[in-house]
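Below is one structure, written out as structure tokens, with a few remarks after it.
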Amino acid sequence: MAKKQINPTRMELTRVKRKLVTARRGHKLLKDKRDELMRQFLELVKLNMSLRLEAEAGLKRCSQGFALARAMMRDGEINTALLAPGQEAAIEVSEKNIMSVRVPQFEIKLKSADAGNIYSYGLSFTSGDLDDAVTSLADILPQLLQLAQVEKSCQLMAAEIEKTRRRVNALEYVMIPEMEETIKYISMKLDENERSNQARLMKVKDMMLEAAGYGQ
């Protein structure tokens, strides 16, 4: 049905051939983009797995530290010790462009550079287990932030890979074959028209020769 709507002219043939050249070039560029995205995505996945294992181990140490502190101190004492934090942290968010994918970049900004400000209480009135738990929590915070950054980047890149894959498939299996078929159809029609014109010219020539008396 689509072929019946095509005007089989040389102008149309030239136009479709140009579109085919552009489509093939775009197909190659998209395939290259997809392959590079996949390469960087796999690297991020490996980093994500490593960071997750480190973060889980750090959270486990932190949880064990707080559990030991609760065993050594009363709940009221722990709540009072942690009531007013001595350190403040802010997260600065920026973006990085990876193959046209804008992935987030997180950076921690601490109010004070003094490492001792993570303790909001006097060390002489608390359990050492609580100190270890707070230290473990402070140490694991950058890893948790990096893990969040990498996981979000993986999600965004996976979505871009899927979108690029659909475009590559659409070009490779639908658009390019249709244009090639259209070119073949127009070329065939033009050849048929040329043969028909030649046949008509030969017929006219024979009629003219016959009318001039050369055919007798």
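Taken together, the values in this text are just the output of simple stated rules run on the coordinates, not laboratory data. The model shown is predicted, which means the values in this text are computed figures rather than measured ones. All Cβ positions, even for glycine, are placed from backbone atoms using ideal geometry, and neighbour counts span all protein chains on display.
Here are some pairs, 19/163; 163/184; 46/152; 33/109; which of them have Cα atoms lying more than 26 Å apart in this structure? From 19/163; 163/184; 46/152; 33/109, over 26 Å: 163/184; 33/109. Dipole orientation for the stretch 3-207: of the candidates 105, 76, 190, 190 has the Cα lying most toward the positive pole (charges on Cβ; Lys, Arg +1; Asp, Glu -1). Applying the Karplus relation 6.51 cos²θ - 1.76 cosθ + 1.60 with θ = phi - 60° to the stretch 148-158 yields 3J(HN,Hα) values of 4, 5, 5, 5, 5, 4, 4, 4, 5, 6, 4 Hz, where x marks Gly and Pro.
In this label model, residue 75 and residue 166 are separated by 5.1 nm, measuring between points 7 Å along each Cα→Cβ vector. Modelled this way, with points 7 Å down the Cα-to-C-beta line, the labels at residue 90 and residue 54 are 2.6 nm from one another.
By counting other Cβ atoms within 10 Å of each Cβ, how are 11, 188 ranked from fewest to most?
Starting with the residue having the fewest Cβ neighbours, the order is 11, 188.
When +1 charges are put on Lys and Arg Cβ atoms and -1 charges on Asp and Glu Cβ atoms, the dipole computed for the stretch 3-207 relative to its Cα centre reaches about 2340 debye. The chymotrypsin sites (Phe, Trp or Tyr not before Pro) found in the stretch 167-216 that occupy coil by DSSP, while having at most 13 further C-beta atoms within 10 Å, are 214. Rounded to two decimals, the Cα radius of gyration of the chain over 2.2 N^0.38 Å is 2.15. Each residue of the stretch 186-199 was assigned a 3J(HN,Hα) from its phi angle through the Karplus curve 6.51 cos²θ - 1.76 cosθ + 1.60 (θ = phi - 60°); the sequence is 5, 4, 5, 5, 5, 5, 5, 5, 5, 5, 5, 5, 5, 5 Hz, with glycine and proline shown as x. Within the stretch 21-82, the trypsin sites (Lys or Arg not before Pro) that combine a DSSP coil assignment with at most 13 other C-beta atoms in a 10 angstrom radius are 74. Note on residue 174 and residue 46: with the Förster distance fixed at 35 Å, the Cβ-Cβ geometry gives a FRET efficiency of about 0.55. Ranking 30, 67, 89 by how far each Cα lies toward the positive end of the dipole of the chain (charges on Cβ) leaves 30 at the top.
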